[in-house]
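Undergrad: One structure is given below, represented as structure tokens, and several questions about it will come after.
The values are calculated or read from the model by the stated rules, or taken from the named source; none is laboratory data. Bear in mind that the values here come from a model prediction, so they are computed numbers and not experimental data. Every residue, glycine among them, receives a Cβ derived from its backbone with ideal geometry; neighbour counts consider all protein chains shown. The protein model used for the area step is the full one, side chains on, heavy atoms only, and it has no ligands, DNA or RNA in it. Shrake-Rupley method; radii C 1.70, N 1.55, O 1.52, S 1.80 Å.
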Amino acid sequence: MSNDDLRVRDFSSVVFFTGAGMSAESGVPTYRGAGGIWNEYNFEDYACQEAFDRDPEKVWDFHDKRRAMALSCVPHDGHRHIGDVLRDLPDALVVTQNIDGMHQRAGAPDDRVIELHGSMFRLRCDACGVIEHNVAHPLVPRTHRCGAHWRPDIVWFGDMLRMDAVQAAADAIARCDLLVSIGTSAVVYPAAQLPALAAQSGATLIEVNPEPTPMSELYPHRIREKASVALARLCA
Ligand code: OAD
């Protein structure tokens, strides 16, 4: 089948596997490439537990900025097309590496979005582990009532991913009949290797990314377009 004829609604079990490029057209910066966050900020100073233990205020200043930036951006039509498909197909879900909550803001139900790398709008107490939804920016106070700092409930460099999220994602990907990867550089593991489970079980795989990635060979269908353009056609 040619790329132009592919339609998500012709499949029964669909996984949208998304990365930072999915939100790029909303104005949320990607991590790598031109304008990438890790070109401007050294992750060792802002995105690992050691940095947080050393200087939690500096790490929170960075995350306050990111929370404000994400909330000032609005989901684009591509997010909305995915939200529509999720409402129409009972067996479709999003597995995302994004922490910006854009899919949910575009209508994807919470229980149909697996956030592999957590959410910048969830806080976790660094001592007692309590979790709370919170969109304040700046965050005041930055401490839980037990006295310890909140930290964003996201996966920093060196952190383990939540096993329940990885397992749920792996199960869904292994049994889907269509996987659409959108806007990921496919260089961060273990997320990068999950789409291979769909290939192993004979699913159709589509990569949407203006640039090739180290995982492109896995995808028989490569659509070198922006997310919003490709999704308008795929989700028609
Ligand atoms: P990257 O920033 O590494 O890659 C973004 C990808 O999006 C690139 O391959 C771009 O070519 C592509 N892209 C850019 N604009 C696009 C558009 N309009 N439509 C489609 N694709 C577009 O982002 P991720 O792969 O998501 O980890 O990064 C993976 C992880 O690395 C992130 O989750 C984050 C980061 O460190 C954590 O926060 C734990």
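Undergrad: So for the stretch 44-56 (the condition being within 14 Å of the ligand (Cβ to nearest atom), among the hydroxyl-bearing types (Ser, Thr, Tyr), within 21 Å of Trp150 (Cβ to Cβ) and open to solvent by 20 Å² or more (accessible area, probe 1.4 Å)), does at least one residue qualify?
TA: yes
Undergrad: Within the stretch 107-115, is there a residue that is within 15 Å of the ligand (Cβ to nearest atom) and open to solvent by 60 Å² or more (accessible area, probe 1.4 Å)?
TA: Taking the stretch 107-115 first, the residues within 15 Å of the ligand (Cβ to nearest atom) are 113-115.
Adding the requirement that they be open to solvent by 60 Å² or more (accessible area, probe 1.4 Å) leaves none.
No; the residues of the stretch 107-115 include none that is within 15 Å of the ligand (Cβ to nearest atom) and open to solvent by 60 Å² or more (accessible area, probe 1.4 Å).
Undergrad: Does the stretch 136-155 include one or more residues that are touching a Phe, Trp or Tyr at 6+ places or on another chain (Cβ under 8 Å), in a loop (DSSP other than H, G, I, E, B) and within 16 Å of the ligand (Cβ to nearest atom)?
TA: no
Undergrad: Still on this model: Considering only residues that are over 15 Å from Ala172 (Cβ atoms) and either open to solvent by less than 10 Å² (accessible area, probe 1.4 Å) or touching a helix residue (DSSP H, G or I) at 6+ places or on another chain (Cβ under 6 Å) (or both), which ones fall in the stretch 74-96?
TA: Here is the first cut: in the stretch 74-96, the ones over 15 Å from Ala172 (Cβ atoms) are 74-81, 83-84, 87-88.
Scanning the stretch 74-96 gives Pro75, His76, Asp77, Gly78, His79, His81, Gly83.
Undergrad: List, please: which pairs have Cβ atoms under 6 Å, are six or more places apart or on different chains, and start with a residue in the stretch 6-33 that is more than 14 Å from Ala191 (Cβ to Cβ) and end with one that is assigned to a strand (DSSP E or B)?
TA: Qualifying pairs under 6 Å: Val8/Val14; Phe11/Leu178; Val14/Ala92; Val14/Leu178.
Undergrad: If you don't mind, another one. Just one of the numbered conditions (1) open to solvent by 80 Å² or more (accessible area, probe 1.4 Å); (2) under 30 Å from Leu179 (Cα atoms) is not true of Glu40; which one?
TA: (2)
Undergrad: Another question about this same structure. If Glu57 passes every condition in (1) in a helix (DSSP H, G or I); (2) touching a Cys at 6+ places or on another chain (Cβ under 6 Å) but one, which one does it miss?
TA: Exception for Glu57: condition (2).
Undergrad: Now, a different point. Take the stretch 156-196 and flag every residue that is within 16 Å of the ligand (Cβ to nearest atom), open to solvent by less than 40 Å² (accessible area, probe 1.4 Å) and either among the hydroxyl-bearing types (Ser, Thr, Tyr) or assigned to a strand (DSSP E or B) (or both).
TA: Leu179, Val180, Ser181, Ile182, Thr184
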